[in-house]
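Quick notes on the structure that follows.
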Amino acid sequence: MTESFATKVILTIGHVYCGIVAVIATYLMKFIEKVARVLIGLGQNVTGAKIVMPEYHEQRCSTAPIYSVTDKDIVDEVATKQASTFSIPEDQLIEKAKEIIRQNIGCNKPELLSDDFLFSFPIVGPLRKAEFVHIYSSFGVSKAMSGSPNYFNFFVDPMEPNRVWFSSRGQYKHTGDIKFGPKVIAPTGKTVVTPPQMLSFSFNDAGQCYKFTGGYSVDKTIGNTEGLGGLFGILHALGHTLPFHEGHPWKPSLSWEAYAKHFPKLQELWK
């Protein structure tokens, strides 16, 4: 049904008002954050309280994609993998990835992880080997959450042949204590279903893992963590959402609502 002229005017005023408020709020928050970061920087320089993070690992191994004669957009995985010069065969690499998982992501057998190992998740990290082993072991998630992360779909990246990708669709029940820093979360009996997530291990020529990535949700509509992956998602589903923005489910920014929602409606109303 076509809106009347009066309805269009009212809707226009509404969208303009909401959009302007959102834009003004966005710039105010950016200004406050910029001032805060300057003040924090001064404090770090004066007191030496600067936090230095390790640099992310660069890609160490690559194979140029090979295509079939009739298809330029889909990689010929068999041919590309056959062109790999990495020293460890695909089946052995996948087995090494599974062994790391069996050993509590290497925490029970740290020699599976290289000395330069880095844990690199979307928010947390990069963490060096010793820090990762200490933190990951202290959570006690494997003991606190009955069920399984349900890892599956292990495969070697044809264009990065030292890297094993795999998926997870976790299903758990909270039956034990979870330790998160000084906080202990007692058993709630709640069920946690995580969204499908992608993870990977990258290996050196000695067969040790030097990079672990994961926590990347690929479908936020699945499960009850509202799209959050990793431990953040588990804590949110248990009712213990972390007190910072990154620990909350994603929601559109005010500037997104202004420029992608409210302002485009003006053109639709008057076309």
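The values are calculated or read from the model by the stated rules, or taken from the named source; none is laboratory data. All of these numbers come straight from a predicted model, not from anything done at the bench. Please note: Cβ atoms are built from the backbone with ideal geometry, for glycine as well, and neighbour counts cover all protein chains shown. Areas reflect the complete protein model, heavy atoms only, side chains present, ligands, DNA and RNA absent. Shrake-Rupley method; radii C 1.70, N 1.55, O 1.52, S 1.80 Å.
Details
One line per residue, one yes/no per condition, for (1) over 13 Å from the mean Cα position of the chain (by Cα); (2) touching a residue at least 12 places away in the same chain (Cβ under 8 Å):
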| residue | (1), (2) |
| --- | --- |
| PHE232 | no, yes |
| GLY239 | yes, yes |
| HIS248 | no, yes |
| LYS251 | yes, no |
| TRP256 | yes, no |
| PRO264 | yes, no |
| TRP270 | yes, yes |
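- Matching residues in the range 158-179 - criterion: being outside any loop (DSSP other than H, G, I, E, B), out of contact with any strand residue (DSSP E or B) (no Cβ under 6 Å at 6 or more places or on another chain) and surrounded by fewer than 18 Cβ atoms within 10 Å (Cβ to Cβ): LYS179
Matching residues to (1) under 25 Å from ASN162 (Cβ atoms); (2) among the aromatic types (Phe, Trp, Tyr); (3) surrounded by 10 or more Cβ atoms within 10 Å (Cβ to Cβ):
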{"site": "GLY19", "(1), (2), (3)": "no, no, yes"}
{"site": "LEU42", "(1), (2), (3)": "no, no, yes"}
{"site": "PRO54", "(1), (2), (3)": "yes, no, yes"}
{"site": "ARG60", "(1), (2), (3)": "yes, no, yes"}
{"site": "THR70", "(1), (2), (3)": "no, no, no"}
{"site": "THR85", "(1), (2), (3)": "yes, no, no"}
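- Here ALA25 fulfils each of the conditions (1) in contact with a helix residue (DSSP H, G or I) (Cβ under 8 Å, 6 or more places away or on another chain); (2) within 30 Å of GLU257 (Cβ to Cβ); (3) open to solvent by 50 Å² or more (accessible area, probe 1.4 Å) apart from (3).
- One residue stands out in the range 109-127 among those that are open to solvent by 30 Å² or more (accessible area, probe 1.4 Å) and either assigned to a loop (DSSP other than H, G, I, E, B) or of a type in the set (Asp, Glu) (or both): the one that is nearest to LYS211 (Cα to Cα), namely ASP116.
Okay, residues lined up against (1) part of a helix (DSSP H, G or I); (2) at pLDDT below 95; (3) hydroxyl-bearing (Ser, Thr, Tyr); (4) closer than 30 Å to ASP205 by Cα:
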residue: VAL21; (1), (2), (3), (4): yes, no, no, no
residue: ILE24; (1), (2), (3), (4): yes, no, no, no
residue: TYR27; (1), (2), (3), (4): yes, no, yes, no
residue: PHE31; (1), (2), (3), (4): yes, no, no, no
residue: LYS34; (1), (2), (3), (4): yes, no, no, no
residue: ALA49; (1), (2), (3), (4): no, yes, no, no
residue: MET53; (1), (2), (3), (4): no, yes, no, yes
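- Members of the range 180-199 that are surrounded by 19 or more Cβ atoms within 10 Å (Cβ to Cβ), of a type outside the set (Val, Ile, Thr) and in a strand (DSSP E or B): GLN197, LEU199
- Any hit, the range 97-108, residues being in a loop (DSSP other than H, G, I, E, B), farther than 27 Å from VAL192 by Cβ and open to solvent by 60 Å² or more (accessible area, probe 1.4 Å): no
- From the list LYS261, LYS220, the lone residue that is within 22 Å of GLN171 (Cβ to Cβ) and of a type in the set (Lys, Arg) is LYS220.
- Note on the range 72-81: residues that are open to solvent by 50 Å² or more (accessible area, probe 1.4 Å) and either farther than 12 Å from VAL156 by Cα or in a loop (DSSP other than H, G, I, E, B) (or both) total 4.
- Members of the range 142-164 that are of a type outside the set (A, V, I, L, M) and farther than 28 Å from ILE74 by Cα: SER142, LYS143, SER146, GLY147, SER148, PRO149, ASN150
- Scanning the range 218-271 for residues that are out of contact with any His (no Cβ under 9 Å at 6 or more places or on another chain) and open to solvent by 90 Å² or more (accessible area, probe 1.4 Å) yields a total of 13.
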